[in-house]
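Here the structure comes first, spelled out in structure tokens, and everything after it is commentary.
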Amino acid sequence: MIIDIDRLPRKGLKIRKDFEFLSVDLIEENAVFLEPAHAELTLKKVGEEIGIKGKIKTRLSFTCSRCLVPFEFPIDSSFDLVCFPVEFDVVKEELDSEDINKSFYYSRKIDLNEVILEQLNLTFPIKPLCSEDCQGICPVCGKIIKNGECSCVRNDSDPRLEKLKMFIKDKR
Ligand SMILES: [Zn+2]
Ligand SMILES: [Zn+2]
């Protein structure tokens, strides 16, 4: 959805829309959209600055970075963004020092799909975990460690790591 800056009504513009994205557009490799991203946006033009306040709601499936099991990740976030024309770099320095969420627009247009996608990517955890205390995969039997299902005695040293250490030693 492309917004023409020069056609924004003076009193602002409210948009409610479902945005459909391809999962490949996401920074998180194994993330899959379980539903479209529902966004409620308010755009307001002040001089050459376009303020965008918005809420995004959606559900994604992530893959846990420890146990590799997919899990549902709901997103319900809000953002407050200011977009500047790209040739408008007079106040850039000043802006950098402030903690405002900013973006730039080109050719008098703002692509809302890009805005939403960027905001979604910002809400993702760096290391997705199915739960904070996910134990991951047992280094001995290779099973997912959950609810004490795995009864292996695990030492601090991983047998595969030991082998690797031996291998490295041999090479020296
Ligand atoms: Zn996990
Ligand atoms: Zn085990």
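The values are calculated or read from the model by the stated rules, or taken from the named source; none is laboratory data. Remember, it's a predicted structure, so these values are computed and weren't measured experimentally. Here the Cβ positions follow ideal geometry from the backbone for every residue, glycine too, while neighbour counts run over all protein chains shown. Side chains included, ligands, DNA and RNA excluded: accessible areas come from the protein's heavy atoms. Shrake-Rupley method; radii C 1.70, N 1.55, O 1.52, S 1.80 Å.
Between the DSSP loop rule and a limit of at most 15 other Cβ atoms within 10 Å, which GluC sites (Glu not before Pro) in region 1-95 are left? Qualifying residues, ordered by number: GLU20, GLU29, GLU48, GLU87. Accessible area of SER61 (1.4 Å probe, protein heavy atoms only, ligands and nucleic acids ignored): about 20 Å². The listed residues THR42, THR58, once ranked by accessible area (1.4 Å probe) with the largest placed first, stand as THR42, THR58.
Extension gain, GLU49 to GLU20, is 7.8 nm, computed as 0.36 nm per intervening residue step minus the present C-alpha separation. Largest to smallest in accessible area, the residues LYS109, LYS127 fall in the order LYS127, LYS109 (1.4 Å probe, all protein chains included).
For the pair ILE27 and VAL140, label points projected 7 Å from Cα toward Cβ lie 3.9 nm apart. Over the heavy atoms of SER78, what accessible area does a 1.4 Å probe trace out, to the nearest 10 Å²? Here the residue's solvent-accessible area equals roughly 90 Å². Given LYS57/LYS143; LYS11/LYS102; LYS17/LYS45; LYS14/LYS102, which pairs have Cα atoms separated by over 28 Å? Check vs 28 Å cut-off fails for LYS57/LYS143.
Mind ranking VAL46, VAL153, VAL86 by accessible surface for me, highest first, 1.4 Å probe? List each step's numbers first, then the result.
Details: VAL46 100, VAL153 120, VAL86 55 Å².
Accessible-area ranking of VAL46, VAL153, VAL86, largest first: VAL153, VAL46, VAL86.
Remark: the CYS152-GLU35 segment gains 38.2 nm on full extension, using 0.36 nm per residue and subtracting the alpha carbon distance.
Backbone N atoms of region 53-75 closer than 19 Å to the 7 Å Cα→Cβ label point of ILE126 belong to residues 63-67.
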